[in-house]
Amino acid sequence: MGTQTPGRGLGTRRLGAVQIVFFVVAAAGPLYAIAGGVSATYAVTGSVGVPLSFVLLAPVLALFGVGYAAMSRYVTNAGAFYPYVAHGIGRSAGTAVAYVTVLAYSSIQTGVFGLFGLSVSTWLNTTFGWHLPWWPVALLMVLVVGAGGVLRVDLNAKVLGVALGLEVAVLVVLNAGMFSHPAGSALTPLAPSSLFTAGVGAVFAFSIAVFLGFEGAATYGEECRDPRRTVGRATYIAIGLTAVLYVASSLGLAVAAGPDHVVERAAAEGPGLLFGLGGQYYGTAFADTAYALFLTSQCAALLSLHNAVARYFFALGREGLLPDGLSRTSKRTGAPIGGSLVQTTIGLVVVAVFALAGRDPFTDLFTWTGVTASTGVTIIMVAVSLAVIGFFRRHPGRETWWRRAGAPTLAAVTLTAVLVLIIVNFGVLLGPAGSLPWLRWGLPGLLVLAGLAGFLRAEALRTRRPEAYAAIGGPLREELVETR
């Protein structure tokens, strides 16, 4: 099998496993995920068994990580997911996944802009009495993140590393306080009877949305010092770190608020529940500091997500699946400047549209885009798991049966079950707006349309530019490939 020409590349290989962990865990935004996402999960689903859902989901994501890491040794591409599917299932299927990926990641980033605008607006009002709307803050943040997206990738990693370290430190302190002041048993939220009730599907759907971000390690493969090892290591570390943080912190919230009251308090207080408990244990100064880090957590997530989406645009432009201008890189930093500018434009347009329409930045912008993103990423992970199986049937290489078939099969089955739960409970996930049929079916329909557009684009290339079609997914590492 011949090696395709890789074409234009990104900057110097500056990243190691730890730096990639900064990017992918920061994308998950542990502090804002727990203060916002976990609290919302308790409030919307009415389930006390949220901690158990994280306990059960972590091994499923680890199973996905086994095949994902194995594949990363053979395919090194800034497009991450879609090259895996292109080589494992087919080039048209890979392009369909590429378009779904861009939509999913763009969705969650624009949603976080809304959450950030609301968070800063609330803080200014509470602290100084300033009544500033959410949208000017959000628009300014779009521009700030866009400027950061064209800097050297290792500089971005340093910023994210500092932010992530502070987030984890605050969560450790908060968890110590919550477990030291129990208002109920820690065993109740971990009991199967607390999770497996009528709302179990919605709990899993919310929980996998909270995990969103760990799967982005391969996006930085072209900028790794040793992509054969780095991507896999970073993925496992990211899954392990976020799983520990989410299990401990969600359990801490239930224990401190009381299993019988955590749902009611989460619905009434939202993100304030976590910071209110912190202030109760450590004083107002600590609570204020924690809230400030809640804001920086969102900044870190935005920068990380922006970097990931910009690299997807870069890869798609380089291979002719989107306009060639998206493959432009900065001569000074090597950053994907074309993709970064497009992603900044998308953020400005979406925030402006929601602001002009008078929509709420949390219940509308953040929730709608977050649910769309988690659905898209689950679809992508199922496709990648199947692609790993298909790829190693043709190229067994040096991988064990567990890596090339066992773990990916289990991952595909369990993630498909999660996807079904998300679709069935999609209306619940949208909150009050879930009763609107155009929204209930329109948002997942956008993912279907994106996939169809990608598939048709690839099929058009097959007919009109067969050489470009043959290059979809980029080259394989030929020294590792053994073809049956």
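Dividing the summed -39500 (n - 2.57) terms of all DSSP H runs of n ≥ 4 by the residue count of the chain sets its mean residue ellipticity at 222 nm at -23500 deg cm²/dmol. In the chain, the inverse of the mean reciprocal separation of distinct Cα atoms equals 22.4 Å; this is its Kirkwood hydrodynamic radius. Surface composition of the chain: carbon and sulfur make up 68 percent of the accessible area, probe 1.4 Å.
Against the criterion of solvent-accessible heavy-atom surface with a 1.4 angstrom probe, ARG404, ARG440 sort, most first, into ARG404, ARG440.
A Cβ-based charge dipole, computed about the Cα centre of the chain with Lys and Arg at +1 and Asp and Glu at -1, lands at about 1620 debye.
Assuming charge only on the beta carbon of Lys and Arg (+1) and of Asp and Glu (-1), the dipole of segment 287-441 about its Cα centre is about 720 debye to the nearest 20. With the contact rule set at Cα under 8 Å and sequence spacing of 6 or more, what percent relative contact order holds for the chain? Relative contact order, the chain: 35 percent. Taken over segment 359-484, the convex hull of the Cα atoms encloses 143 Å³ per residue. Among the protein heavy atoms, those of GLU459 account for about 60 Å² of accessible surface (1.4 Å probe, every chain in place). List the trypsin sites (Lys or Arg not before Pro) in segment 299-353 that DSSP assigns to loop (not H, G, I, E or B) and whose Cβ has at most 13 other Cβ atoms within 10 Å. Which are they? Those that pass, being in a loop and sparsely packed, are LYS331, ARG332. With angles folded into 0 to 90 degrees, how steeply does helix 17-28 sit against the dominant principal axis of the chain? Use alpha carbons for both and round to 10. Between helix and principal axis, roughly 60 degrees. Computed over segment 225-334, the alpha-carbon pair-distance distribution with 10 angstrom bins reads 11, 25, 27, 18, 15, 3, each value a whole percent.
Of the residues VAL371, VAL247, ranked by 1.4 Å probe accessible area with the largest first, the sequence reads VAL247, VAL371.
The values are calculated or read from the model by the stated rules, or taken from the named source; none is laboratory data. Just so it is clear, the model here is predicted, and its values are computed rather than measured. Here Cβ is always computed from backbone atoms with ideal geometry, including for glycine, and neighbour counts include all displayed protein chains. Each accessible area value is taken on the protein alone, full model and side chains, heavy atoms only, with ligands, DNA and RNA left out. Shrake-Rupley method; radii C 1.70, N 1.55, O 1.52, S 1.80 Å.
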